[in-house]
Amino acid sequence: MNLALDIASWVLFGIGSLVLFIGAIGVLRMPTLYTRMHAASLTDSLGAIAVLGGIMLQAGWSLAALKLLAILLFLLLTSPTSSYALANAAVLAEKRDAESAPEPSA
Amino acid sequence: MTILFALFLLTMLVITAVAIVQTTDLFAAVMLLGIFSLLMAANFFVLDAADVALTEAAVGAGISTVLFLGALALTAARERPAADRPWLPLLVVLVTAATVVYATFDKPALGDPNAPVHQHVAPWYLSETPRLIDIPNVVTAVLGSYRGYDTLGEVFVVFAAAIGVLFVLSGDRPVGDVIRPADAPTTRGLKHHLIPRIVGKLLIPFIILFGLYVQFHGEYGPGGGFQAGAIIAAGVILYALLQGEGRALAALPEPVLKALVAGGALLYTLVGVVCMFLGGNFLEYSVLAADSVTGQQVGIILIEAGVGVAVTGVLLCIFHAFAARDPAH
Amino acid sequence: MELLGLYNYWVFVALLMIGFYAVIAKSNLVKKLIGLSIFQAAVFLLYISMDKVEGGTAPIIQAGVVDQVYSNPLPQVLILTAIVVGISTTALGLAIVVRIKEAYGTIKEHEVSAMDREA
């Protein structure tokens, strides 16, 4: 049983790390801001689920597993929201730059 | 495995620091500073400092980023590259680096249990705390009870910072611009964006609840007044960012914040004075209850509450001082 | 832990020098403050590196476990205070930078001192 749990955790860690690594490569290689954010935010959620799932399997049925579940829920709520806010800010900044002169720097 | 992880974290710290100093875009530098703080917090956790990791994450990666962004919004976002020669600063830096590296060769290796720092006072704290104070978190015991004077001084420093910021940023405001109305264009915040507003409304109660949890569990796990104050202030700042600063000021108005700041410091000092009235020395909590161990615990809970309240008030005062400043100068 | 023996301290020196360089070489005042934050963080790293005991754990006494080695709690208390004091001074410094910008119109240090010398 322990061996099965360990193998399952390792598989989940492997998947999570691979997904996050691919996301990082995407952020470096994609051409525009929006495609970069698409790469980062999608892989962020899946990677978080996989890695935290692996840790939860290791923690077993305990208070620590419940806390990890709370952390996972928090991450799943806030990470897409911040990506949305970032994309929104980018759209608004482009609109504002198109309408007015660029802001002076000091 | 832990060694590899620690090495990786330390190397990432240096790379991030170089990136921060080299970039000319100040917004990017502030974001990188947040990443730097988070890496530093992870490093502290690897080095067994759980309380410090929590504080660094809450204060460094959270509050500090907000303050820098607030200041940047009022000044400039981009730094023009310096045209002057950096040879003299580089020389000074290299000479200083050589001196300090020479000094590090005398240091004991990491984790050596026979290092001088582990010899005299620390084993006494670790062995006597279960007998004298009986709370599991030794760091809170040292912070609150054995070194209570230092923590009182720290509360006063935070208090002085709030007074200083209010003093510097409150005078000489443009006429009629003291507190802008809640629906003025610049205080709209993200009101017209539904998703962050809804998610924020879902999360803010839990953030404040978590802050209270950290406050009251400071004796049993990592936590305490400073971390709790930073977390609760972060929750209120999130509300201010989402709903507009005017609504946040309506929720917790300026006089209340100032009362929190002064009240926290006053609570801490009052606990000390009450101890004197009950026959002990200043901040000697043993006299606060019938049994000395219970008295110590009561004293620590009260002063941690004072610290938490003061830090919340201070961080919110400073945030509002920056946010209410009119950038159209 | 032998490999990490002095690596922590060399990283501390590197960060210290990077922060120091930012404070003395950059002329933008906000950049100087950011460099100061890095400098402070490096000092925290030095102290917390000193508190680690090999095989130890965080100094939270676990009831019923005898013979557990704990890491040193004293540097952690010092650094807790230092972090809060650091953020206080950073906040005050940023407030002063904002006022300098409003009064002089620039936050580059040599322009500010040039204006001071003319006036």
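The values are calculated or read from the model by the stated rules, or taken from the named source; none is laboratory data. Note that the structure is predicted; figures quoted are calculated from it, not measured. We place every Cβ from the backbone using ideal geometry, glycine too, and count neighbours over all the protein chains shown.
The condition of being away from every other protein chain (no Cβ under 14 Å) and either under 21 Å from B:L238 (Cβ atoms) or touching a helix residue (DSSP H, G or I) at 6+ places or on another chain (Cβ under 9 Å) (or both) holds for only one of A:L77, A:L92, A:L57, that being A:L57.
Residues of region B:246-256 being buried (at least 17 other Cβ atoms within 10 Å of the Cβ) and farther than 23 Å from B:F210 by Cα, which ones? Full working, then the answer.
Narrowing region B:246-256 to residues buried (at least 17 other Cβ atoms within 10 Å of the Cβ): B:246, B:248-249, B:252, B:254.
Matches in region B:246-256: B:G246, B:E254.
Just so you know, in region B:102-160 the residues that are among the charged types (D, E, K, R) and at the interface with another protein chain (Cβ under 9 Å from one of its Cβ atoms) include one that is nearest to B:V293 (Cα to Cα), and it is B:R147. Among the residues making up region B:20-39, those that are surrounded by fewer than 22 Cβ atoms within 10 Å (Cβ to Cβ) and over 17 Å from C:Q40 (Cα atoms) are B:Q22, B:T23, B:T24, B:D25, B:F27, B:A28, B:M31.
Evaluate region B:61-68: report whether one residue or more is modelled with pLDDT under 90, under 24 Å from the mean Cα position of the chain (by Cα) and either part of a helix (DSSP H, G or I) or hydrophobic (A, V, I, L, M, F, W, C) (or both). Outline the logic, then answer.
Taking region B:61-68 first, the residues modelled with pLDDT under 90 are B:61-62.
Keeping just the survivors that are under 24 Å from the mean Cα position of the chain (by Cα) gives B:61-62.
Of the ones still in play, those that are also either part of a helix (DSSP H, G or I) or hydrophobic (A, V, I, L, M, F, W, C) (or both) are B:61-62.
Scanning region B:61-68, I find at least one residue that is modelled with pLDDT under 90, under 24 Å from the mean Cα position of the chain (by Cα) and either part of a helix (DSSP H, G or I) or hydrophobic (A, V, I, L, M, F, W, C) (or both), so the answer is yes.
Residues that are facing chain B (nearest Cβ under 7 Å), over 14 Å from B:V100 (Cα atoms), surrounded by fewer than 22 Cβ atoms within 10 Å (Cβ to Cβ) and modelled with pLDDT of 85 or more within region C:1-32 comprise C:I24, C:A25, listed in sequence order. Among the numbered criteria (1) touching a residue at least 12 places away in the same chain (Cβ under 8 Å); (2) over 13 Å from the mean Cα position of the chain (by Cα); (3) over 23 Å from B:V138 (Cβ atoms), which single criterion is violated by C:L16? Single failed check for C:L16: (2). Residues that are touching a strand residue (DSSP E or B) at 6+ places or on another chain (Cβ under 8 Å) and in a helix (DSSP H, G or I) within region B:41-60 comprise B:A50, B:D51, listed in sequence order. Scanning region B:142-171 for residues that are out of contact with any Pro (no Cβ under 8 Å at 6 or more places or on another chain), over 30 Å from B:F322 (Cβ atoms) and part of a helix (DSSP H, G or I) returns B:G144, B:S145, B:Y146, B:G148, B:Y149. Sub-6 Å Cβ pairs linking a first residue in region B:18-33 that is farther than 18 Å from C:S27 by Cβ and assigned by TED's automatic domain parsing to the domain that holds B:G70 to a second residue that is among the small types (G, A, S) and surrounded by fewer than 19 Cβ atoms within 10 Å (Cβ to Cβ), at least 6 apart or interchain, are B:F27/B:A77; B:L32/B:A19, ordered by first then second residue.
Is there a residue being charged (D, E, K, R), over 30 Å from B:L316 (Cα atoms) and not in a loop (DSSP other than H, G, I, E, B) anywhere in region B:70-93? No, region B:70-93 has no match at all.
Test A:S17 against the criterion of being closer than 21 Å to A:L77 by Cβ, part of a helix (DSSP H, G or I) and small (G, A, S), and give yes or no. So A:S17 does not fit the description; no.
I'm trying to understand the selection: among the residues of region A:4-41, which are among the hydrophobic types (A, V, I, L, M, F, W, C) and over 21 Å from A:P80 (Cα atoms)? Spell out how you get there, then give the answer.
So in region A:4-41, the residues among the hydrophobic types (A, V, I, L, M, F, W, C) come out as A:4-5, A:7-8, A:10-13, A:15, A:18-22, A:24-25, A:27-28, A:30, A:33, A:37, A:39-40.
Correct list: A:A4, A:L5, A:I7, A:A8, A:W10, A:V11, A:L12, A:F13.
Among the residues of region C:92-111, those that are at pLDDT 80 or above and either within 22 Å of the chain's Cα centre (by Cα) or aliphatic (A, V, I, L, M) (or both) comprise C:L92, C:G93, C:L94, C:A95, C:I96, C:V97, C:V98, C:I100, C:A103. Suppose the filter is in a helix (DSSP H, G or I), more than 26 Å from the chain's Cα centre (by Cα) and not assigned by TED's automatic domain parsing to the domain that holds B:L260; does B:S127 pass it? Yes, satisfied.
Within region B:257-279, the residues that satisfy the criterion of being crowded, with 18+ Cβ neighbours inside 10 Å and farther than 23 Å from B:A233 by Cβ are B:G272, B:C275.
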